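*Asks:* Structure in structure tokens, see below.
No lab work stands behind these numbers, since they all come straight from the coordinates. It should be emphasised that the depicted structure is a prediction, and the values quoted were computed from it without experimental measurement. Here Cβ is always computed from backbone atoms with ideal geometry, including for glycine, and neighbour counts include all displayed protein chains.
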Amino acid sequence: MGKITDALKKAAEERVGHIEKLNRVRATRLFVAQRTMESQIDPRVVAFFDPKAAISEQYKILRTNILALNKGNPPRTLVVTSSTQGEGKTITCLNLAVAMVHSNRKTRVLLIDADMRRGRTAEYLGVKAEVGLSEVLKGEAELEQALYHVEAIENLTVLSSGAVPDHPVELVDSTAMRDLLKTAATQFDMVIIDTPPIISVTDAGIVGSIADGVLMVVRAGKTQRGLVNRAEELLYQSHAKVLGRVLTNIEYHVPEYIYRYL
Ligand SMILES: Nc1ncnc2c1ncn2[C@@H]1O[C@H](COP(=O)(O)OP(=O)(O)OP(=O)(O)O)[C@@H](O)[C@H]1O
Ligand SMILES: [Mg+2]
């Protein structure tokens, strides 16, 4: 047990309503596949580059668990957030989206980058989007114009964050945002929404309240339990439904038997 981090031990004690744990995914780490083809896609989208890698398997388990939620009537609009910055939200969204489109069900996925302050989702997918969410919400662009198909990944469409607006909260807290999600849910099988961290800004709570549910990304060994609790309290107050937690940054050397309790 010596090497197991505090966060892991605490998580094990709590037996939180997690969805799945994820191993480290760093450009220099074991699980990241080399680029084997000309691609603009970020190498950390391991589910795309190396679907058989151990971490890709974990994203598939995450996918399966999500699809099994609510007795097989899974959320169609799913917000991904975390308490603080840099916990792995965007990388989780990307890999989960790829795992979803690779499922047998031929799931059509829309990835919405609702981090209008510093969204980079489209960039990670090699998509150069001229307009995105902020333009659509401001009424400066039609939704159809802002949907970009990711050429290398069949069935994956992205709506980028767009130009940084003056008042992102007002933009997401709007009828336009609600209508957009409603429309998206009719056109796609699964809508995954990347957001900024909930403790810094309220965007994720607002979007979470109009989506079917929220996944909390927690960076193991770093994020304090108090912060995670606070984040979930904020989501609860916003009437957003937390479906589970995704632990990132799990050390590979954690023995397998510990996983069973996470
Ligand atoms: N499963 C993982 N294990 C370890 N590191 C990870 C994992 N997923 C992502 N990371 C790393 O964590 C860092 C932050 O990732 P990412 O940009 O996805 O976080 P974020 O929560 O979206 O950040 P921000 O709050 O800035 O939007 C990156 O360096 C990424 O490589
Ligand atoms: Mg991010």
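*Asks:* Evaluate E = 1/(1 + (r/R0)^6) for VAL164 and GLN224, where r is the Cβ-Cβ distance and R0 equals 35 Å; express this FRET efficiency to the nearest 0.05.
*Replies:* 0.75
*Asks:* Restricting everything to alpha-carbon atoms, can you work out Rg to Rh for the range 92-170 with a Kirkwood hydrodynamic radius?
*Replies:* 0.99
*Asks:* Mind checking the full-extension length gain between GLU57 and ARG105? Use 0.36 nm per residue of separation minus the Cα-Cα distance, one decimal, nm.
*Replies:* 15.6 nm is the gain from fully extending GLU57 to ARG105.
*Asks:* When only alpha-carbon atoms are used, what values of Rg and Dmax, in angstrom, describe the range 49-137?
*Replies:* 13.9, 39
*Asks:* Moving on. If one computes the Cα centroid of the range 155-194 and of the range 72-131, what distance in Å separates the two points?
*Replies:* 11 Å
*Asks:* Sort the following peptides by mean Cβ neighbour count (other Cβ atoms within 10 Å, averaged over residues), highest first: 148-154, 138-144.
*Replies:* 148-154, 138-144
*Asks:* Order of 76-86, 126-136 by packing, highest average Cβ count within 10 Å first?
*Replies:* By packing density, highest mean first, the sequence is 76-86, 126-136.
*Asks:* Using Cα pairs closer than 8 Å and at least 6 residues apart in sequence, work out the relative contact order for the range 49-129, in percent.
*Replies:* Relative contact order here is 22 percent.
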